[in-house]
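Contents: one structure, followed by commentary.
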Amino acid sequence: MLSLNVMEEELIGIKNTALSFILEAEDLETLEDVKLQFLGRSGKLTLTIKDITKIPPEQRKEVGILANEVKQTIEDAIKSKSESLKHKTKTVLRKKIDVTNPAILPPLGHLHLVTQAIEEISGIFEKIGFTRVRYPEVEWDWYAFTALNFPPDHPARDDWETFFVKSAPSPKYGPMILTPHTSSGQIREMQRVEPPVRMLNIAKCYRRQSDVSHTAMFHQFETLVIDENISISHLKGVLDYFAKSYFGENRKTRIRPYHFQFTEPSFEVDVTCGVCNGKGCRLCKEGWLEMGGAGMVHPNVLKAVGLDPEKYTGFASGWGVERVLMMKDGIEIDDLRLLYSNNLEFLKQF
Ligand code: DAH
């Protein structure tokens, strides 16, 4: 005969061992083995329950209740462990590489908005025979002002809010500066080649200015055409051609008298507003947007580079790349400084 105490100890021992095996099981197969080992037909718990008949009848009920509790506990533990093992298997499976999945591509950059504009502008002018050039960003006063017909110490120099480089001035060319406009390229180009000249100079320019519509560094594109018999109609034709190519077929240009030291006559060029098509709206007020300067090259400028103004005439124009970019349909930038802020969220949009 078995005693109640022995049976109870046996049952509790089985429960503890089973629970620790269940806890340690690392896969469903092992868990299944543990189940057989304890709950199977000849499992430890099954055999022990059979032994209940070997204890005195009045004690059987108590042992029976305990045996049921042990069985229930083991079954519950197996069930919950099996759930968690199934979940784990799924996650492991998901981590496996599925070679048929589309690849995760590394982020791809693109050209900066201003570079895109520069390429587009170059393409437009190259089509009609202009040669793209680049000239130094660190320039001499002579190229940026004196040769462009600015008398020495003339206050017109102040209009360009020039940065001066801390360096000894050149006896021939004066102070060293950061070029405030691409017009200095006119002089360098006329020194480089004999007429006919068809220059497109796109370059960085610098001025002491910073607000929503100005950055200290910005870009200009300058045209210069020098040949015999060049007239205002050539200038007007090129301006119209550019406006139509860059802004759209329905855009027109007009020229208004203005003053620049290096051109005579000088003009400001306007382009019809793309929003209202020249009718007048909040953006443009009277249907026209101001684009930049232009004019017929001043005889003194030709003389400065040794060209005979009786033989040669020419026209020039100088506009801001950022400015035309902002006026192109569909591009609205509230603050120009954003262009150079390295803010990827902003740049990715273009
Ligand atoms: N250089 C002038 C500026 O920065 C723009 C300009 C005006 C350029 C008239 C020209 C021109 O070539 O003819 O404001």
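A short reminder: the numbers here are calculations on the coordinates, not readings from a lab. Because the structure is a prediction, the values reported are computed rather than measured. Here the Cβ positions follow ideal geometry from the backbone for every residue, glycine too, while neighbour counts run over all protein chains shown.
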Relative contact order (%) - the chain, alpha-carbon pairs under 8 angstrom, separation at least six: 13 percent
Gap separating the Cα centres of segment 187-207 and segment 211-287, nearest whole Å: 19 Å
Helix-only mean residue ellipticity at 222 nm for the chain, each DSSP H run of n ≥ 4 adding -39500 (n - 2.57), per residue, nearest 500: -12500 deg cm²/dmol
Within straight-line cross-link reach of LYS96, lysines at Cα separation under 22 Å, skipping those fewer than 8 residues along the same chain: LYS86, LYS88
Set LYS328/LYS348; LYS127/LYS303; LYS127/LYS348; LYS252/LYS303 screened for pairs whose C-alpha atoms are more than 27 Å apart: LYS127/LYS303; LYS127/LYS348; LYS252/LYS303
Translational diffusion coefficient (Stokes-Einstein; Kirkwood radius from C-alpha pairs) of segment 190-231 at 10 °C, 1.306 mPa s, in µm²/s: 127 µm²/s
Computed Rg/Rh of the chain, alpha carbon atoms with Kirkwood Rh: 1.59
Fluctuation leader among VAL269, VAL63, VAL238 - the chain, Gaussian network, Cα springs under 10 angstrom: VAL63
Exposure proxy ranking, count of Cβ atoms within 10 Å, fewest first, for LEU347, LEU111, LEU105: LEU105, LEU111, LEU347
Under-5 Å amide H pairs with TRP288, H placed in peptide plane, nonlocal only: CYS273
Segment 1-56: GluC sites (Glu not before Pro) falling in loop per DSSP and having at most 12 other Cβ within 10 Å: GLU26
Fluctuation leader among GLN191, GLN220, GLN72 - the chain, Gaussian network, Cα springs under 10 angstrom: GLN72
In degrees, nearest ten, helix 28-39 long axis to first principal axis of the chain (Cα): 20 degrees
Loop-located chymotrypsin sites (Phe, Trp or Tyr not before Pro) in segment 191-246 whose Cβ has at most 11 other Cβ within 10 Å (DSSP): none
Ranking of VAL70, VAL165 by count of other Cβ atoms within 10 Å, fewest first: VAL165, VAL70
Sparsely packed GluC sites (Glu not before Pro) within segment 265-350, loop by DSSP, other Cβ within 10 Å at most 15: GLU286, GLU310, GLU332
Partner lysines for LYS71 [C-alpha distance under 18 Å; skip if fewer than 8 residues away on the same chain]: LYS15, LYS35, LYS44, LYS50, LYS61, LYS79, LYS81
Choice from HIS87, HIS110, HIS259 with maximal GNM fluctuation in the chain (Cα, 10 Å cutoff): HIS87
Semi-axes of the equivalent ellipsoid for segment 217-325, Cα gyration tensor, largest first, Å: 28, 13, 12
Rounded tilt (10° steps) of 232-247 against the dominant C-alpha axis of the chain: 10 degrees
Amide H within-cut-off set for SER266, under 5 Å, with H built and near neighbours excluded: TYR258, PHE260
Angle in degrees between helix 113-126 and the longest Cα principal axis of the chain, rounded to the nearest 10: 40 degrees
